[in-house]
Amino acid sequence: MLQQSGSDKAPGATQVRGSERLKGLTKCATGIRGLDEITLGGLPRGRPTLVCGGAGCGKTLMAMEFIVRGARDFGEPGAFMAFEETGAELSKNVASLGFDVPKLVRQKKMALDYVQINRGELEETGEYDLEGLFVRLGSMIDEVKAKRVALDTLESLFSSLPNEAILRAELRRLFRWLKDKGVTTIITGEQGSGELLTRHGLEEYVSDCVIRLDHRVVNQIATRRLRVVKYRGSVHGTNEYPTMIDEQGLSILPISAMGLNYPVSTERISSGISRLDTMLDGKGFWKGSSILVSGTAGSGKSSLAASFVDSVCSKGGRALYFSFEESPDQIMRNMSSIGLDLGRHVRSGRLQFNSVRSSLYGLEGHLVAIHSLVEKFKPDVVVMDPITSMSSIGTREEIKAMFSRVIDYLKNRQITAVFNSLTAAGDAQEESEVGISSLMDTWLLLRMVESASERNRVLYVLKSRGMAHSNQMREYRLTNDGIQLSDVYTGAGTVYTGSARMAQEARDRAEAEGAVQKASRQTRELEHEHASVRAQVESLQAKLAGIEQDLASSRNAEKARVQAEHGDRAEMARHRMADKQRKGAE
Amino acid sequence: MTPAAPAPASPTPKSGVWSLKLYIAGYTPRAVRALDNLKEICEEHLHGLYRIEVIDLLRNPKLASGDQIVAVPTLVRKLPVPVRKIIGDLADHERVLVGLDLRSRPR
């Protein structure tokens, strides 16, 4: 009974403690791009984290970046204890990443110590402990008031110290001691064989967070990956994430969009097609924006990009063209058919092609290649044609993550980027294959319209952030003199393009002419009527005048007759000798 | 602990005084044991030819990295060269003598 009541209480008690601890778990941002996203904030603060992996997977870099970024960007000094490389070697290795370790050491933001144990000169007699190591680490921590500690690679102690029992006991003590000090620690360990994460089972001592780095070849493509194996008391991404090492250090790919705080330009850049510029608020693209051009096969995406490149280079700008399906010569030949001479820009050094099959490297490899080429060439405009060919080397999410990286990177450098995306025929046109349309500022859609046994191209601006863009469709024509945009005719739910459009144009012209003719005919008719009415009026007036004359003369005649009658009567009276009475009676 | 006049009966070369450093972290029983053992061995085998310096890392932590000290106690033979290190409380005198090159390594 007693036992039972005790055990009834115990789980409740631990639960309370557990939730308190969950609440109390704070995280220590590493500043390593992508890692803080996966771990939702960083490593467990005040606790040790084990980073394990094989040779060359980036363990040391990760530990060093954690310390350097902490000291430099987060105001948290750090202590780095190296067991395999000297401080000078380490400093040199990370100098290329822009990490100035000697400077941080001078500023007392970072302490660096190299622990070297030469087995050959060591003899062991009797009991000992590793207090020397503790003292050294403690003195480093005190010296810079370190909040972060890295031990790289602690496991090398196993090969230098003969007594494993003492070593294990001391390691256990070390981790407890580090926790008591409240420092956030990264311990690196060599990859173990079989079920062991590390060769000497360091995971036994580090139970809070374990991260595994991996460098392997998949489909003949070398890829780096990172996985959070364990993170006690915190949710975390459990996938294996592609990882790369570039000139800024380690970076893990699933990144939403690192700090959306790039500078924006108020400058505009012409698309190279004047009527397209007109559609885009009359001024073209925003400088530094990202533009998606999507369309089915043969809809003219490359031509649009080439036209833009030609315009930029002609004005003295620099363009970098990444082609994943065509060779530079092929692009140049094909573009000469629409009157674009890209060869002259290549010769003048303003245009550089980089044609590689997408399968040549992994996604991270492409990222590295893009970064290094952009850094070297310093273009104003970058074209990627087509980004959909990446779908063979990564999942949709990975590709989206990669391109959000690319876009962030290019935006930070104010580089305008055109991404061509192939939509499969029959797909919803508005659905971009790699799902990156939301990352884009401007989206131009090229569609093929079938009518009257023709396929014609239609372009419209699906979206364009930050400008009053046209909502109209334009027929997109590839002519010998480049790209031409024409108005399209819409009516009764259909779009007229090509010959249908021309027929419609002719019809319209005829109609217009007819209207003109009709108007002049009407005028003439009215003039005619006007004249005829006027004539009628005139003749009637003449008639009236005649009638008036007749009337007057008839009146005169009557008067004369009456007078004559009177005269006759008087004559007669005189003749008959009638009385005057009679005349009065009358 | 202090240099003495050269003694005749030394099994080792005429190179002069042996310079020995014993690194400890506080005067723990183990450290005291190590020092006692060391003195005993030196008196027996290097009488008057040695100098022992005890370095307490708790008081001088900076000195640990110079001789690459990890374990304590560590005995470092600075002179004669080459440098030798012996870790532990020096309880096994035979192994200490081997470690100090005062006796050839057992086959």
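Observations, loosely collected:
- Only Lys, Arg, Asp and Glu carry charge here, each on its Cβ (+1 for the first two, -1 for the last two); on that basis the protein assembly as shown has a dipole of about 1260 debye about its Cα centre.
- Trypsin sites (Lys or Arg not before Pro) restricted to DSSP loop in the stretch A:304-361 with at most 13 other C-beta within 10 Å: A:LYS315, A:ARG357
- Ranked A:CYS28, A:CYS52, criterion: other C-beta atoms within 10 Å, fewest first: A:CYS28, A:CYS52
- Residues A:HIS528, B:HIS47, A:HIS345, arranged from fewest to most other Cβ atoms within 10 angstrom of their Cβ, appear as A:HIS528, B:HIS47, A:HIS345.
- Dipole orientation for the stretch B:18-99: of the candidates B:ILE55, B:ILE87, B:GLY99, B:ILE55 has the Cα lying most toward the positive pole (charges on Cβ; Lys, Arg +1; Asp, Glu -1).
- Neighbours of A:GLU325, meaning other residues whose beta-carbon lies under 9 angstrom from its beta-carbon, give a summed charge of -1 when Lys and Arg score +1 and Asp and Glu score -1.
- Gain on full extension, evaluated as 0.36 nm per residue between A:GLU565 and A:VAL264 minus their Cα-Cα distance, stands at 96.6 nm.
- Distance in nm between pseudo-label sites at B:GLU53 and A:ARG172 (7 Å out along the Cβ direction from Cα): 3.7
- Shape of the protein assembly as shown, Cα gyration tensor, a/c cut at 1.5: prolate
- Label point 7 Å beyond Cα of A:ASP508 along Cβ direction - residues of the stretch A:454-477 with amide nitrogen under 16 Å: A:459, A:472-477
- For the stretch A:164-233, GluC sites (Glu not before Pro) are listed when DSSP marks them as loop and at most 12 other Cβ atoms sit within 10 Å of their Cβ; the list is A:GLU195.
- Shape class for the stretch B:13-75, computed from the alpha carbon gyration tensor (a ≥ b ≥ c): oblate, with a/c not under 1.5 and a/b at or below b/c.
- Per residue, the average separation of C-alpha pairs within less than 8 Å and at least 6 apart gives the stretch A:268-496 a relative contact order of 28 percent.
- Shape class for the stretch A:87-198: prolate, because the ratio a/c of the largest to smallest gyration tensor axis (alpha-carbon atoms, square roots of eigenvalues) is 1.5 or more and a/b beats b/c.
- Residue-averaged 222 nm ellipticity for the protein assembly as shown, from DSSP H runs of 4+ at -39500 (n - 2.57), nearest 500: -13000 deg cm²/dmol
- Among A:MET577, A:MET335, sorting on how many other beta-carbon atoms sit within 10 Å of each Cβ, with the fewest leading, yields A:MET577, A:MET335.
- DSSP beta bridges fully contained in the stretch A:268-496 are about 50 percent antiparallel.
- Across chain A, the relative contact order, built from alpha-carbon pairs under 8 Å that are at least six residues apart, equals 12 percent.
- Full extension of the chain between A:ARG119 and A:LEU551 gives 140.1 nm of extra length, using 0.36 nm per residue less the Cα-Cα distance.
- The simple Förster model, with R0 at 41 Å and r as the Cβ-Cβ distance, assigns A:LYS108 and A:ALA468 a FRET efficiency of 0.15.
- Sparsely packed loop sites in the stretch A:222-331 (the GluC sites (Glu not before Pro) outside DSSP H, G, I, E and B with at most 15 other Cβ atoms within 10 Å) comprise A:GLU247, A:GLU267.
- Greater than 30 Å apart at Cα, pairs in A:LYS181/B:LYS62; A:LYS147/B:LYS85; A:LYS301/A:LYS378; A:LYS92/B:LYS62; A:LYS181/A:LYS400; A:LYS378/A:LYS400: A:LYS147/B:LYS85; A:LYS181/A:LYS400
- When +1 charges are put on Lys and Arg Cβ atoms and -1 charges on Asp and Glu Cβ atoms, the dipole computed for the stretch A:268-496 relative to its Cα centre reaches about 760 debye.
Values quoted throughout were computed directly from the atomic coordinates according to the rules given, and no laboratory measurement underlies them. All values derive from a computational prediction rather than experimental measurement. Please note: Cβ atoms are built from the backbone with ideal geometry, for glycine as well, and neighbour counts cover all protein chains shown.
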